[in-house]
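A.B. asks: Have a look at the structure that comes next, please.
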Amino acid sequence: MRLSQLIQNIRNPPHESVVGYMTRADGRTMHLLPFVILINLIWLFIWALLSGASFEEVILPTLITVPIFIYLHLCLYFYGGPNNVRLRYVAGIFALGFILAPWNFSSLGYLIFGFFMIVYLVPMKVSSAVIALSIGAFVLEIRLLGASGSTIVSVLVPAVTLAVIAVFTAYAHFNQRELRRSQEEILRLATLAERERIGRDLHDLLGHTLSVVALKSELARKLIDRDIDAARAEIAEVERVARDSLAQVRNAVSGIRSTALSSELLAATALLEAQGFKVKCETENVKLPHDRETVLALSLREAATNVRRHSNAKVVTIRLRKEAADVVMEVVDDGRGGRIVPGNGLNGMRERLDTVGGSLSLWPNPAGGTLLRASVPMAA
């Protein structure tokens, strides 16, 4: 990739580039990641500076390779074409590590940069084999260059350690991506099933009613010139059927708009467990009007989101019980706790609860973490 094209891609990362993918998955700040990573280049010079190595024999050759590496590194992240071209950039980074080795054994750092990219570009078995072979080839090279046993060990230990980290990081990333895809597919299927249910309900609800309206309207039209009283009766019947149908539609829409607390409890549990939390549910079977149940379900959704994003907890307990004339929901975590600053989510939760006469309280849990308590009256 030409330098001018690279600069253009850095300004506007292509959709198909590595940075383009990262920004879509994890936010705009990932645009800066390739540049932040470059701070690790300092490791190429630490050994040389600590050992008092010659500038001409060690540091200068290393400095010459740095611009080449930065070019290959940025091309790898900002290239928007086929994957096989990215593999060429990775191969160039590996080659740079082997080329610099006769002057600076710390060129192993270039190989490590390559480790953390190749694991995302090829299947896991292939990348593991490539990494193992490259470590073996590098050790053989420095041995032939006269490296001592202690030097080989000092190279081999970090190489193997960081190689394992690279492989397991990629493995965790792929698992997380598959989990995200599974969650999206579950949501898509649930949405599709809900649409089909609504379609069936509306068909059952309106099909018969509209047929009756059509038939009685036709009958009234035929009677209007012969028997005006009978025609009026049929029109009155049409009006009655239409009003009944309107009431049924309103009830159906009210049910569609409401959110079932039991469904939200299952969804919150699945969301938290998918993120690695241990979830304990201590719930009673409660009956609430649609508006109160919906408010409590939305409060649970917001609470689960806050725990996932901010708590740094391991265990989450969700309680639902009756207390006198109220239904109380508590979400307790064992996370960082501390002073709580309400944001838009908590403020919106409190406003929704206020509309149905409910209340929200939030305070640090004495045992550590945070306790959220939402209550709504069982009746107006």
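The values are calculated or read from the model by the stated rules, or taken from the named source; none is laboratory data. Just so you know, these numbers come straight off a predicted model, no measurement behind them. Cβ sites come from the backbone with ideal geometry, for glycine too, and all protein chains shown count toward neighbours.
A.B. asks: Whether any residue in the range 84-98 is within 31 Å of the chain's Cα centre (by Cα) and either among the charged types (D, E, K, R) or more than 22 Å from Tyr120 (Cβ to Cβ) (or both) is what I want to check.
C.D. replies: There is at least one residue in the range 84-98 that is within 31 Å of the chain's Cα centre (by Cα) and either among the charged types (D, E, K, R) or more than 22 Å from Tyr120 (Cβ to Cβ) (or both).
A.B. asks: Could I ask something else about it? Can you confirm whether the range 44-61 contains a residue that is closer than 19 Å to Gly114 by Cβ, among the aliphatic types (A, V, I, L, M) and out of contact with any Cys (no Cβ under 6 Å at 6 or more places or on another chain)?
C.D. replies: yes
A.B. asks: Sort out which residues of the range 59-116 are surrounded by fewer than 16 Cβ atoms within 10 Å (Cβ to Cβ) and either in contact with a Lys or Arg (Cβ under 9 Å, 6 or more places away or on another chain) or not in a helix (DSSP H, G or I) (or both), and write them in order of number.
C.D. replies: Gly81, Pro82, Pro102
A.B. asks: Hey, among the residues in the range 37-54 that are surrounded by fewer than 13 Cβ atoms within 10 Å (Cβ to Cβ) and in a helix (DSSP H, G or I), which one's modelled with the lowest pLDDT? So that I can check it myself, show each step before the final result.
C.D. replies: Step one: filter the range 37-54 for residues surrounded by fewer than 13 Cβ atoms within 10 Å (Cβ to Cβ), giving 39-40, 42, 46, 49-52, 54.
Now drop any that are not in a helix (DSSP H, G or I), which leaves 39-40, 42, 46, 49-50.
Values: Ile39: 88, Asn40: 86, Ile42: 87, Ile46: 83, Leu49: 81, Leu50: 77.
Ranking the qualifying residues of the range 37-54, first place goes to Leu50.
A.B. asks: Sticking with this structure for a sec: For the range 131-189: of the residues being more than 24 Å from Ile118 (Cα to Cα), surrounded by fewer than 11 Cβ atoms within 10 Å (Cβ to Cβ) and of a type in the set (A, V, I, L, M), which is modelled with the lowest pLDDT?
C.D. replies: Leu189
A.B. asks: Which of the residues belonging to the range 301-342 are at pLDDT below 90, within 18 Å of Trp363 (Cα to Cα) and among the hydrophobic types (A, V, I, L, M, F, W, C)?
C.D. replies: Ala303, Ala304, Val307, Ala313, Ile340, Val341
A.B. asks: Check Ala95, Ala137, Ala159 and return the single one that is outside the structural domain of Pro34 (by TED's automatic domain parsing), closer than 26 Å to Leu74 by Cβ and out of contact with any Asp or Glu (no Cβ under 8 Å at 6 or more places or on another chain).
C.D. replies: Every option except Ala159 fails the conditions.
Yes/no per residue for (1) of a type in the set (A, V, I, L, M, F, W, C); (2) in a loop (DSSP other than H, G, I, E, B); (3) crowded, with 17+ Cβ neighbours inside 10 Å:
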position	(1), (2), (3)
Cys281	yes, no, no
Lys287	no, yes, no
Val327	yes, no, yes
Val332	yes, no, yes
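A.B. asks: Moving on. Name the residues in the range 9-23 that are modelled with pLDDT of 80 or more and in contact with a Leu (Cβ under 8 Å, 6 or more places away or on another chain), would you?
C.D. replies: Scanning the range 9-23 gives Ile10, Val18, Val19.
Residues checked against (1) more than 20 Å from Leu271 (Cβ to Cβ); (2) basic (Lys, Arg):
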| position | (1), (2) |
| --- | --- |
| Leu288 | yes, no |
| Arg309 | no, yes |
| Val316 | no, no |
| Ala324 | yes, no |
| Val327 | yes, no |
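A.B. asks: Give the range 293-308 a look and list any residue that's of a type in the set (Ser, Thr, Tyr) and closer than 15 Å to Gln275 by Cα, or say none.
C.D. replies: Thr305 - this is the single residue of the range 293-308 that is of a type in the set (Ser, Thr, Tyr) and closer than 15 Å to Gln275 by Cα.
A.B. asks: Kindly list the number of the only condition in (1) part of a helix (DSSP H, G or I); (2) buried (at least 18 other Cβ atoms within 10 Å of the Cβ) that fails for Val126.
C.D. replies: (2)
A.B. asks: Select from the range 134-171 the residues that are in a helix (DSSP H, G or I) and among the small types (Gly, Ala, Ser) and list them in ascending order. Outline the logic, then answer.
C.D. replies: Going residue by residue through the range 134-171, those that are in a helix (DSSP H, G or I) are 134-144, 149-171.
Within the range 134-171, Ser134, Gly136, Ala137, Gly149, Ser150, Ser154, Ala159, Ala163, Ala166, Ala170 qualify.
A.B. asks: Give all pairs with beta carbons closer than 7 Å in which a residue from the range 59-78 that is in the same structural domain as Arg11 (by TED's automatic domain parsing) and more than 13 Å from Ile37 (Cα to Cα) meets a residue that is modelled with pLDDT of 90 or more and among the small types (Gly, Ala, Ser); count only pairs at least 6 apart in sequence or on separate chains.
C.D. replies: Hits for this filter: Leu72/Gly92.
A.B. asks: Output the qualifying pairs, or none if there are none: Cβ atoms under 6 angstrom, residues six or more apart or on different chains, first residue in the range 298-309 and of a type outside the set (A, V, I, L, M), second residue outside any helix (DSSP H, G or I).
C.D. replies: Final answer for the pair search is Ser299/Ala374; Arg308/Gln275.
A.B. asks: In the range 7-20, what residues are in a helix (DSSP H, G or I) and surrounded by 15 or more Cβ atoms within 10 Å (Cβ to Cβ)? First the steps, then the outcome.
C.D. replies: From the range 7-20, those in a helix (DSSP H, G or I) are 7-11, 18-20; that's our starting set.
Within the range 7-20, Asn9, Ile10, Val18, Val19, Gly20 qualify.
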